[in-house]
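This report concerns only the one structure given below.
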Amino acid sequence: MGASLRPQNQEDGVQTVKQTAGEPCCENDVVAEIGEHQRTMATFKLENVEDLYEIGEVLGSGHFGQVREVRERTTGQRWAGKFLKVRRGAGSWLGVERKNVEKEVEVLQSLQHPNIMALRDVFESKAEVVLIVELISGGELFDFIAEKESLSESEGIDFLKQILHGVSYMHSKNIGHFDLKPENIMLSARGEPLPDIKIIDFGMAHHFIQGEEYKSMGGTPQYIAPEVINYEPLGTATDMWSIGVITYILLSGLSPFQGNTDEETLRNIVDMIYEFDDHHFRRTSTMAKDFIQQLLVKDQIKRMTADESLLHPWIKPLTRTQVANRNHSSINMKNFKKFNAKRKWKMSYNMVFACNRLFRLQLLCKHSTLEDQELRQCESDQEDTETKPASLIRRRPSNSS
């Protein structure tokens, strides 16, 4: 389901640059002033969404709202509507914070690319914000690949190139995604040998301004870069680390830094503990391994950029020998299928666990007299357990950090 509905936990990220909100330039615009820079952050329509769109069936639901299929009344075109409950005030604990929605909308309004989920409209009422986004019906890329009996490196590269083109465009706009993982790489539709890739879920994305320093400790442990764990300034290179991890998994069916616990995974990332074992990489080309090694580099400056990745000989072979080596190498499908099945099982388990936990917390918050601090705790405890922020895991510094 392309219109991803996941609670966006932006409170885990800390932005060190000072931002001062200016007066809105008109009724439905929000403007941010940063130093001498000023830009329109997000545009919200105050009209009734049902005047312009016919509301259809529910496609999915989350803690703070629903995703529904919608049809544009004037054209008949189908879209997806993300109906998000927004907190009504400082004392409210239900819904997403409006500033987080504004940030995601501002990013999406800056991006128009075939490999990035499109934002059509944004509507606002007292109780909710509705995002009208591209209807993406092809499911996750990893699920599509797992259905195949075999896959050559060349076929895998065809998908990876689309991801790199989308990320390259994003980075050219000074935007980092900061949550690249298999769940956020979708297919626009099925039925074609090479479906179009769509990158989704920009809830953790950030638009850089020249001279600012941005830090965040949010993310999914096995995909985050060392600089996230060490709470160092982030850049677009942080996304490239995640692409290195995704590529490693795609080729082998293994997660390079996965430990028995999240803490062990984070230590492995900081200490750069990973390998290409012969059993899982025996059919992997040398060029593919080199591609990964150029991305899993601790120093952000030395890490390949998206543009450089597109010119790497594994992606763009320079000789016939390189083409032949790539074509004769293949993905470890047996292990990849196991990895994907385990990943889906874990997602389902976390969803059930989160729903049960949310129900108990709602009862607690309704029937108890809670102080402000306890209310905030109820609020934070409702965040999605599927994507556990690194800041919740890294309770104490390890010797390696």
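Evaluate the following for E183: is it among the charged types (D, E, K, R), in contact with a strand residue (DSSP E or B) (Cβ under 9 Å, 6 or more places away or on another chain), within 18 Å of L59 (Cα to Cα) and modelled with pLDDT under 95? In short, yes. Quick check: anything in the range 211-224 assigned by TED's automatic domain parsing to the domain that holds L160, of a type in the set (S, T, N, Q), more than 22 Å from E106 (Cα to Cα) and crowded, with 19+ Cβ neighbours inside 10 Å? Yes. Screening R190 against (1) within 18 Å of K344 (Cβ to Cβ); (2) outside any loop (DSSP other than H, G, I, E, B) leaves a single unmet condition, (2). Among L135, L151, L164, which is at pLDDT 95 or above and closer than 20 Å to I292 by Cβ? Result: L164 is the single residue among L135, L151, L164 that is at pLDDT 95 or above and closer than 20 Å to I292 by Cβ. Is it the case that some residue within the range 174-184 is under 17 Å from the mean Cα position of the chain (by Cα) and surrounded by fewer than 18 Cβ atoms within 10 Å (Cβ to Cβ)? Yes, that holds for at least one residue. If you scan the range 185-210, which residues turn out to be in contact with a Gly (Cβ under 8 Å, 6 or more places away or on another chain), among the aliphatic types (A, V, I, L, M) and surrounded by fewer than 18 Cβ atoms within 10 Å (Cβ to Cβ)? Matches in the range 185-210: A189, I209. Close Cβ contacts (under 8 Å, 6 or more residues apart or on different chains) running from residues in the range 104-119 that are over 15 Å from L135 (Cβ atoms) to residues that are hydroxyl-bearing (S, T, Y) comprise V105/T43; E106/T40; Q109/T43; L111/Y169; H113/Y169; N115/Y169.
Assessment of the range 291-301 against the conditions (surrounded by fewer than 18 Cβ atoms within 10 Å (Cβ to Cβ), touching a helix residue (DSSP H, G or I) at 6+ places or on another chain (Cβ under 6 Å) and of a type outside the set (F, W, Y)) yields at least one matching residue.
Just wondering, is there one or more residues in the range 152-162 that are assigned to a loop (DSSP other than H, G, I, E, B) and surrounded by fewer than 22 Cβ atoms within 10 Å (Cβ to Cβ)? Scanning the range 152-162 turns up no residue that is assigned to a loop (DSSP other than H, G, I, E, B) and surrounded by fewer than 22 Cβ atoms within 10 Å (Cβ to Cβ).
Somewhere in the range 332-340, is a residue under 23 Å from L180 (Cα atoms), at pLDDT 95 or above and surrounded by fewer than 18 Cβ atoms within 10 Å (Cβ to Cβ)? Taking every residue of the range 332-340 in turn, none turns out to be under 23 Å from L180 (Cα atoms), at pLDDT 95 or above and surrounded by fewer than 18 Cβ atoms within 10 Å (Cβ to Cβ).
Being assigned by TED's automatic domain parsing to the domain that holds K181, surrounded by fewer than 18 Cβ atoms within 10 Å (Cβ to Cβ) and either within 20 Å of the chain's Cα centre (by Cα) or part of a loop (DSSP other than H, G, I, E, B) (or both) is a property that L318 has. Sub-6 Å Cβ pairs linking a first residue in the range 198-216 that is in contact (Cβ under 8 Å) with a residue 40 or more places away in the chain and among the charged types (D, E, K, R) to a second residue that is surrounded by 23 or more Cβ atoms within 10 Å (Cβ to Cβ) and part of a strand (DSSP E or B), at least 6 apart or interchain, are K198/M186, ordered by first then second residue. Test V107 against the criterion of being at pLDDT 95 or above, surrounded by 20 or more Cβ atoms within 10 Å (Cβ to Cβ), assigned to a strand (DSSP E or B) and not assigned by TED's automatic domain parsing to the domain that holds I175, and give yes or no. So V107 does not fit the description; no. Listed by position, the helices (runs of 4 or more DSSP H) contained in the range 206-293 that have at least 3 residues being modelled with pLDDT of 95 or more and more than 23 Å from L160 (Cβ to Cβ) are 262-270.
The values are calculated or read from the model by the stated rules, or taken from the named source; none is laboratory data. Since we're looking at a predicted model, the values are computed, not measured. Methodologically, a virtual Cβ is constructed for each residue, glycine included, from the backbone with ideal geometry; neighbour enumeration extends over all protein chains shown.
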